[in-house]
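Everything on this sheet refers to the single structure shown next.
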Amino acid sequence: MTANTASAIAAQFPEFDKALQHYFPGALPLSKYMGRTAKALAKYGFEDENTMGMIAICRDEQTDPLYEAMVRYWGKTFNCCSLAGFVTMGKTGLASATAHTPIEDGLRRFVFCAMPHIAISRNGEVGLMYRDGVEAPSHACGALETIVEELAAGHLNLETDMQDIEQTIVRQKILSQLRYGDRVNLVDLTQLASKIIATDVRNLLSRLDTTIFHYAVMHGIQIHGPFESQWVYPVDFFIVGEQFGEQPYRLDTFAGGDRDAAASLSKPDEIAG
């Protein structure tokens, strides 16, 4: 499917655009998001030839465009995916991933993308999307929507279910951040998931030797829109490495946003400014 402009999507589906700007102001088309992050990272030595991608997004096939974009911009990409984009790879998974990173001048570089996802229908319905070959709408993210429904019903299964271990982990992590009686909707839970994922990634990567590893972290929320358009709500974007200082060095890449950037209806375009 050919690319369309974000302004055309907004004009054709005003209810979608209204919901997108209300809940996720400053969201960018996937192509624009990937172009900006890649261009920013090039200034700090991150290039396709010397950097590996790592990605933690939901297993849902609708998230594939983001995975494909990571591969397109960063080449070979280590799969860290789990339900709702939660990071369950642990120390063993990280050790395997980092062992695969290329070495250049004694440094190993990677870009870690970690995001939950949510859908907004053409009618502005949050959490609903229409899949090929399926008449009825389905949910994204289904794993988070299940927890929203359980909370609303007041019935939560807190046991560790080895036949549903990923959903058990998602549920336990979400509930650990809620107070008794909290009423949350899918947007609330998606934003909370983004914060939990960011904390888990930071804690996991903090064990790395920054004299050897230089890495970038991309946090946000992936949004599925009409006509399979893909958007990203940027949350955090930073680099870590000895030469960048003792703390994560945040990159001010998304100030102002860009409503007229080209929407990604398939794969991302070449690096854009």
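Derived value for segment 97-220: Kirkwood hydrodynamic radius 17.0 Å. Basis is the mean of 1/r over every pair of different alpha-carbon atoms. Pairwise inverse Cα distances across segment 44-169, averaged and inverted, put the Kirkwood hydrodynamic radius at 16.6 Å. Need the C-alpha centroid separation for segment 9-36 versus segment 120-182, integer Å. If we compute the Cα centre of each part, the gap is 23 Å.
Expressed to the nearest 5 percent, the antiparallel share of DSSP beta bridges inside segment 1-159 is 35 percent. Over the residues of the chain, the helix contribution to mean residue ellipticity at 222 nm works out to -10500 deg cm²/dmol, using -39500 (n - 2.57) for each DSSP H run of at least 4. Could you tell me which of rounded, prolate or oblate describes the chain, using a ≥ b ≥ c as the square roots of the eigenvalues of the alpha-carbon gyration tensor, with rounded for a/c under 1.5 and, failing that, prolate when a/b is larger than b/c and oblate otherwise? Oblate, because a/c is 1.5 or more while a/b does not exceed b/c. When DSSP beta bridges are restricted to pairs lying wholly in the chain, around 55% turn out antiparallel.
Among the chymotrypsin sites (Phe, Trp or Tyr not before Pro) in segment 157-236, those located in a DSSP loop and surrounded by at most 11 other Cβ atoms within 10 Å of their own Cβ are 180.
A crude spin-label estimate for the pair residue 88 and residue 153, with each label 7 Å from Cα along the Cβ direction, gives 2.0 nm. For segment 1-76, the calculated P(r), taken from all Cα-Cα distances in 10 Å bins from zero up to the bin holding the longest distance, is 15, 39, 33, 12, 0 percent.
When DSSP beta bridges are restricted to pairs lying wholly in segment 98-235, around 50% turn out antiparallel.
Within segment 1-86, the GluC sites (Glu not before Pro) that combine a DSSP coil assignment with at most 16 other C-beta atoms in a 10 angstrom radius are 47, 49.
All of the numbers you see were taken from the coordinates with simple rules; none came from a lab. Keep in mind the model is a prediction, meaning the values are calculated, not measured. Because the Cβ atoms are built from the backbone with ideal geometry, glycine has one as well, and the counts that use them run over all protein chains shown.
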